[in-house]
Amino acid sequence: MTVEYALFLAETRGLKFALGYLESCHVPTEILLRTVANPQARRHHERRRQPRN
């Protein structure tokens, strides 16, 4: 949940702000950096979560 919120912060307020948030929660920042570096993997996962018609 924390990383998902950090991803939201990165998209709305910027990466620096999101990384600061993760550091304050004592969560490794590499998680967010990997997600930002490879957005297609995240999109693929998000598409699979959507119910199929």
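Residues in segment 15-35 that are assigned to a loop (DSSP other than H, G, I, E, B) and not β-branched (Val, Ile, Thr): Cys25, His26, Pro28. If you go through the chain and keep only what is polar (S, T, N, Q), at pLDDT 85 or above and surrounded by 10 or more Cβ atoms within 10 Å (Cβ to Cβ), you end up with just Thr29.
The values are calculated or read from the model by the stated rules, or taken from the named source; none is laboratory data. Bear in mind the structure is a predicted one, so any value in this text is a computation, not a measurement. Heads up, the Cβs are rebuilt from the backbone with ideal geometry, glycines too, and the neighbour counts pull from every protein chain shown.
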